[in-house]
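Structure first, then comments.
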Amino acid sequence: MNKTAALLDLSGVTKTFGTNKALQGVDLQVRKGDSLVLIGGSGSGKTLVLKCIMGLIPHDDGLIAFEGRDVTTHSDAERDGFLDHCGMTFQKSGLFDSMPVWENVAFHLLQSQHINPQEAKAHAIDKLAAVGLDAPTADLYPAELSGGMQKRVGLARAIACEPDVLFLDEPTAGLDPIMTNVINELILEIVDKLGATVVSITSDMSSLRAISNRVAMIHGGRIIWDGATADVENSGHEAVDQFVHSRAEGPIEMAVTAV
């Protein structure tokens, strides 16, 4: 695959829930080495796009391809192989409350690879160290962690298999500015070490500028703008301009009012 070929290619992707046409033909290409941030209003479908890519929610129509291969044609073994390439964090960390931190981090390894618990725990501790958490944290439970620590554990789990692609869903949501900067710096450091391609969701404009080189905005179930991060504040698109500059009035408000 050459450098300009799409690592991930979404074409005409749709998803409907009852009468709600959540995705109405999403077209998006992600190339190897991209650090792409998806932006859009609440309920616009940002997280849904990531879940459709990962197969957590099946899309209705359109193409989702990884390295040129339609992911819906994968055999069970090929799907497992695809997921081995990917890591994901969730909006609210998505940790298993009944498991200690190390089992959360090593969950995929324990489920899909021949590895004993001792090896899995050692691997988890190594990944926790990569996100600035010490070894004793491994034996704690999620309820014993602060919000920032939970975000770090979620990030450690996402990188546990050293993925080629990272999906980060609001990695700094609910954090104070200092912890937000800490998480952003961790993301940059991890991506640099892994050489991973990143697709993130964020509503934090400071994080957007810190971790991305490309921005795409979803509105009305479609990608309405896609361009360099440096250009997002002067996109020339009314809805993008409203979102980026946090304006109460504009096409996004009108769409909400209409509903």
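The values are calculated or read from the model by the stated rules, or taken from the named source; none is laboratory data. In this text the structure is predicted, and so the values were computed from the model without any measurement. Neighbour counts run over all protein chains shown; Cβ positions are idealised from the backbone, glycine included. Side chains are part of the model used for accessible areas, which takes the heavy atoms of the whole protein and leaves out ligands, DNA and RNA. Shrake-Rupley method; radii C 1.70, N 1.55, O 1.52, S 1.80 Å.
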Inset, instruction - Could you please find all residues in segment 95-140 being closer than 25 Å to ILE187 by Cβ, part of a loop (DSSP other than H, G, I, E, B) and hydrophobic (A, V, I, L, M, F, W, C)? - result: LEU95, PHE96, MET99, ALA106, VAL131, LEU133, LEU140
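Looking only at segment 119-128, decide whether some residue is under 30 Å from GLY40 (Cα atoms) and touching a helix residue (DSSP H, G or I) at 6+ places or on another chain (Cβ under 7 Å).
Pass one, segment 119-128, residues under 30 Å from GLY40 (Cα atoms): none.
Looking for residues that are under 30 Å from GLY40 (Cα atoms) and touching a helix residue (DSSP H, G or I) at 6+ places or on another chain (Cβ under 7 Å), one finds none in segment 119-128, hence no.
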Legend entry - Sole exception among (1) more than 21 Å from the chain's Cα centre (by Cα); (2) outside any strand (DSSP E or B) for THR16, by number: (2)
Inset, instruction - Using the structure shown, decide if ALA239 is in a helix (DSSP H, G or I), over 25 Å from PRO163 (Cβ atoms) and small (Gly, Ala, Ser). - result: yes
Legend entry - Count of segment 198-241 residues which are without any contact (Cβ under 8 Å) to a residue 60 or more places away in the chain and either open to solvent by 10 Å² or more (accessible area, probe 1.4 Å) or among the charged types (D, E, K, R) (or both): 18
Legend entry - Residue, farthest from the chain's Cα centre (by Cα), within segment 139-159, restricted to residues that are of a type in the set (Gly, Ala, Ser) and buried (at least 23 other Cβ atoms within 10 Å of the Cβ): ALA156
Legend entry - In segment 160-174, the residues that are open to solvent by 40 Å² or more (accessible area, probe 1.4 Å) and either among the aliphatic types (A, V, I, L, M) or at pLDDT 90 or above (or both): ALA173
Inset, instruction - Could you tell me which residue of segment 213-247 is modelled with the lowest pLDDT, considering only residues that are charged (D, E, K, R) and more than 24 Å from VAL198 (Cα to Cα)? - result: ARG247
Legend entry - Every residue from segment 14-29 that is out of contact with any helix residue (DSSP H, G or I) (no Cβ under 9 Å at 6 or more places or on another chain) and touching a residue at least 40 places away in the same chain (Cβ under 8 Å): THR14, THR16, LYS21, GLN24, GLY25, ASP27
Legend entry - Among (1) touching a strand residue (DSSP E or B) at 6+ places or on another chain (Cβ under 7 Å); (2) open to solvent by less than 20 Å² (accessible area, probe 1.4 Å), the one test that PHE90 misses: (2)
Inset, instruction - Output the residues belonging to segment 171-230 that are within 25 Å of GLY250 (Cα to Cα), of a type in the set (A, V, I, L, M, F, W, C) and part of a helix (DSSP H, G or I). - result: MET205, LEU208, ALA230
Inset, instruction - Using the structure shown, decide if ALA65 is among the hydrophobic types (A, V, I, L, M, F, W, C), under 25 Å from VAL232 (Cβ atoms), in contact with a strand residue (DSSP E or B) (Cβ under 7 Å, 6 or more places away or on another chain) and part of a strand (DSSP E or B). - result: no
